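> Quick one: the structure is below, and I'll ask about it shortly.
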Amino acid sequence: MHRYICDFILDITQNSFEAKSTQVELFLFEDDRYLKVIIKDNGKGMSSDVLEKVLDPYYTDGLKHKNRKVGLGLPFLVQSVRESGGSFDINSKPNEGTQVYCSFDLCNVDTPPIGDISSTFLTLFSDPNANELIIRREINTSKGSSHYEFSKSELLEILGDFSTVSSLCLLRDFLQSQEEDLQQYYVNRTLIFK
Amino acid sequence: MAKMTLEELRNLRASKQKSLQKRSIEGKEGQIIIGMGTCGIAAGAKTVLDAFLSELDAKGITNISVTQTGCMGLCHVEPTVEVVVPNMPDVIYGNVDAKVAKQIVQDHLIDHKLVSDHVFDRPAADIYVKDGDK
Ligand SMILES: Nc1ncnc2c1ncn2[C@@H]1O[C@H](COP(=O)(O)OP(=O)(O)OP(=O)(O)O)[C@@H](O)[C@H]1O
Ligand SMILES: [Mg+2]
């Protein structure tokens, strides 16, 4: 089971990369109480049949893990959200794409801690399976609001590659500075930093 | 750290490029590949990626690429890391955490010694079938 909300985000976004999407969008919106996440891709999509099965922990398409008959990503998420007062929704159309929506109740004691947002973004941007990835992060709490948004293509144009130590460190510092700037608006984090 | 703009990132990149060129030409000489499938993530693979970056940066090792891959078929010893460098056998390390990552940088990359407690072989086809990969 994942220990952090960020691990779910990583996992579900990787599914979108694996679905041969040419573009994936990841939105994170945080307010006083909830972290809302939307992951939208234009990949291979799923029929309603498959979609039904996917939420069952005993399903995987059998391609990725040749000898494992269980997929873990989505059922993990659904279970965690169910146990902690959040919500989950998924829409998908074959050959059009998939959209996953979920929200986490940051005040619920059973919600996992958020985890390290900027290092999750670093991992996603540098994933070799990712084509275009657009990340938008927004915070709007009683303390104020701010946001940042970047695409993989614009970062790659500047850094040249995402595999050498020097460019990955620059990307890490860059993403950290973005998230640090939002910290002044964090609310309720103390409750869930277990 | 103040919030960085894209322009500042571009300038940092340019100045870093210059200092790299000064230190002779450093080709990409090795590869660190981190297993970042569901089981890897659950076991803390993201922390391992962060640890490798910080340690390589701290030691000034820049001629190594750091990349990700999916499941390597060794889910029971995740997080797993494959290290490919010249003059050393290709090795898959299992049960890697931030501390082991540091050790791999020092022992394997710098001293050319294996971190033997953590060496695992790529699963052979027949074992793969027997164990499944869960
Ligand atoms: N965004 C998506 N687009 C198309 N198919 C998807 C998407 N997300 C999930 N699927 C389908 O649902 C199946 C189950 O996904 P799930 O993440 O639960 O397991 P998995 O990706 O197969 O394995 P893992 O446990 O390594 O994540 C996938 O194998 C894939 O066929
Ligand atoms: Mg998955």
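The values are calculated or read from the model by the stated rules, or taken from the named source; none is laboratory data. Computed from a predicted model, the values in this text were never measured in an experiment. As a convention, Cβ positions derive from the backbone with ideal geometry for all residues, glycine included, and neighbour counts pool all protein chains shown. Side chains included, ligands, DNA and RNA excluded: accessible areas come from the protein's heavy atoms. Shrake-Rupley method; radii C 1.70, N 1.55, O 1.52, S 1.80 Å.
> Given 0.36 nm per residue, what is the gain on full extension from A:D32 to A:V187 after removing their alpha carbon distance, in nm?
55.2 nm is the gain from fully extending A:D32 to A:V187.
> Read phi for every residue in the range B:68-75 and hand back ³J(HN,Hα) as whole Hz from Karplus 6.51 cos²θ - 1.76 cosθ + 1.60, θ = phi - 60°, with x for Gly and Pro.
Coupling constants for the range B:68-75: 10, 9, x, 5, 9, x, 10, 4 Hz.
> For the protein assembly as shown, which whole percent of the accessible surface, found with a 1.4 angstrom probe, sits on carbon and sulfur atoms?
C and S atoms contribute 50 percent here.
> What distance in nm separates the two pseudo spin-label positions at B:E29 and A:Y101, each 7 Å out from Cα along the beta-carbon direction?
Computed distance between label sites B:E29 and A:Y101 equals 5.3 nm.
> OK, next. Under a 5 Å amide H to amide H cut-off, with H placed in plane at 1.01 Å, what residues pair with B:F120 once short-range neighbours are removed?
Here B:I92, B:Y93, B:G94 satisfy the definition.
> For chain A, list the DSSP H helices whose alpha carbon atoms reach 18 Å or more along the long axis and whose average Kyte-Doolittle value is -1.0 or above?
Counting only whole DSSP H runs, the qualifying helices are A:5-18, A:165-182.
> Once phi is turned into θ = phi - 60°, what whole-Hz ³J(HN,Hα) does the Karplus curve with 6.51, -1.76 and 1.60 give for every residue of the range A:88-102, x standing for Gly and Pro?
Couplings: 8, 8, 9, 10, 8, 9, x, 6, 10, x, 9, 10, 10, 10, 8 Hz.
> Next up: From Cα coordinates alone, what are the radius of gyration and Dmax values for the range A:5-185 in angstrom?
Final numbers for Rg and Dmax: 16.6, 50 Å.
> For the range B:56-67, in order, what is each residue's ³J(HN,Hα) by Karplus, 6.51 cos²θ - 1.76 cosθ + 1.60 with θ = phi - 60°, in whole Hz (x at glycine and Pro)?
Each residue of the range B:56-67 in turn: 5, 5, 4, 8, x, 8, 10, 8, 10, 9, 10, 10 Hz.
> Take chain A, connect every pair of alpha-carbon atoms lying under 10 Å apart with a spring to form a Gaussian network, then pick out the residue of A:K36, A:K20, A:K53 with the largest mean-square fluctuation.
Its mean-square fluctuation being the largest, the pick is A:K53.
> Which order do B:H112, B:H118, B:H76, A:H2 take when ranked by solvent-accessible area (1.4 Å probe, heavy atoms of all protein chains), largest first?
B:H76, B:H112, B:H118, A:H2
> Here's a follow-up. What is the distance in Å between the Cα centres of the range A:1-50 and the range B:32-110?
The range A:1-50 and the range B:32-110 have Cα centres spaced 25 Å from each other.
> Go ahead and collect, in residue order, the members of the range A:24-53 whose backbone nitrogen is under 19 Å from a label point 7 Å along the Cα-Cβ direction of A:N131.
So the set is A:24-27, A:39-47.
> So, one more: Please go through the residue pairs A:K152/B:K16; A:K53/B:K99; B:K3/B:K59; A:K93/B:K3; B:K18/B:K102; A:K152/B:K59 and name each one whose alpha carbons sit more than 32 Å apart in this structure.
Violating the 32 Å Cα-Cα cut-off are A:K53/B:K99; A:K93/B:K3.
> Would you tell me the mean number of C-beta atoms belonging to other protein chains that fall within 10 Å of each C-beta in A:170-179, as a whole number?
4
> Further question on the same structure: Add +1 for every Lys or Arg and -1 for every Asp or Glu among the other residues with Cβ under 13 Å from the Cβ of A:R82, and state the total.
Here the charged neighbours net out to -4.
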